[in-house]
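Down below is the structure, laid out as structure tokens.
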Amino acid sequence: MKVVATNNAPAAIGPYSQAMILNDVLFTSGQIPINPATGDIEGTDIQAQAEQVMKNLGAVLEAAGTSFENVVKTTCFLADMGDFAAFNEVYAKYFVNKPARSCVAVKTLPKNVLCEVELIASVK
């Protein structure tokens with residue numbers, strides 16, 4: 001296993017890694033809309049927060065030597081399923097290859113953010 005870490009995405013806020021690679025497969029931890037430069041939550045609405053989440057995921061993918069095009073599965077967590085359509089607008093800009101996906105509403109997310117996304121990608 002190989003640990004993936006980058007300063008271009010938020011540092012882990014607990015006992016975990018940003019991502020791990022095993023047998024040419026990348027598994028990311030969930031990313032929330034923290035700006036890695038400031039440590040602050042970016043945006044107050046779902047679209048702004050989703051944009052920051054995608055930037056964070058992009059940085060982790062890049063650090064692992066892969067990209068959004070190689071993502072095979074995502075898991076999306078929303079604080080309010082009423083944000084589903086607006087979240088999808090942002091999501092669709094990044095995941096153009098339409099990977100497999102689960103999307104669930106949860107009671108609360110870390111730091112009371114509106115969304116969190118984790119993914120699995122090929123690093124070949």
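The values are calculated or read from the model by the stated rules, or taken from the named source; none is laboratory data. In this text the structure is predicted, and so the values were computed from the model without any measurement. No Cβ is skipped: glycine too gets one built from the backbone with ideal geometry, and neighbour counts run over all protein chains shown. Each accessible area value is taken on the protein alone, full model and side chains, heavy atoms only, with ligands, DNA and RNA left out. Shrake-Rupley method; radii C 1.70, N 1.55, O 1.52, S 1.80 Å.
Give me a count of the residues in segment 78-96 that are closer than 19 Å to THR44 by Cβ, touching a residue at least 12 places away in the same chain (Cβ under 8 Å) and not aromatic (Phe, Trp, Tyr).
Residues meeting the conditions: 8.
Report, by residue number, each residue of segment 8-36 that is exposed (fewer than 10 other Cβ atoms within 10 Å of the Cβ) and more than 16 Å from SER122 (Cα to Cα). Before the answer, list the steps.
Pass one, segment 8-36, residues exposed (fewer than 10 other Cβ atoms within 10 Å of the Cβ): 14-15, 23.
Residues satisfying the conditions are GLY14, PRO15.
Checking the conditions here, which among THR75, THR44 is more than 11 Å from the chain's Cα centre (by Cα), on the phi < 0 side of the Ramachandran plot and of a type in the set (S, T, N, Q)?
Values: THR75 fails: more than 11 Å from the chain's Cα centre (by Cα).
None of the others qualify; the one that does is THR44.
Which condition does LYS73 not pass, out of (1) touching a residue at least 40 places away in the same chain (Cβ under 8 Å); (2) touching a helix residue (DSSP H, G or I) at 6+ places or on another chain (Cβ under 7 Å), if it passes all the others?
The number of the failed condition is (2).
Quick one: in segment 37-61, of everything that is of a type in the set (Val, Ile, Thr) and under 23 Å from ASN88 (Cα atoms), which residue is surrounded by the fewest Cβ atoms within 10 Å (Cβ to Cβ)?
Out of the qualifying residues, it is THR44.
So VAL106 fits all but one of (1) farther than 24 Å from ALA5 by Cα; (2) in contact (Cβ under 8 Å) with a residue 40 or more places away in the chain; (3) open to solvent by less than 50 Å² (accessible area, probe 1.4 Å); what number is the exception?
(2)
Please go through (1) surrounded by fewer than 18 Cβ atoms within 10 Å (Cβ to Cβ); (2) touching a residue at least 12 places away in the same chain (Cβ under 8 Å) for LEU114 and return the number of the only condition it doesn't satisfy.
(1)
State yes or no: is ALA50 of a type outside the set (S, T, N, Q) and within 14 Å of the chain's Cα centre (by Cα)?
Details: of a type outside the set (S, T, N, Q): yes; within 14 Å of the chain's Cα centre (by Cα): yes.
It is true that ALA50 is of a type outside the set (S, T, N, Q) and within 14 Å of the chain's Cα centre (by Cα).
Quick check on GLU51: is it more than 13 Å from LYS111 (Cβ to Cβ) and among the charged types (D, E, K, R)? Before the answer, list the steps.
On the way: more than 13 Å from LYS111 (Cβ to Cβ): yes; among the charged types (D, E, K, R): yes.
Answer is yes for this residue.
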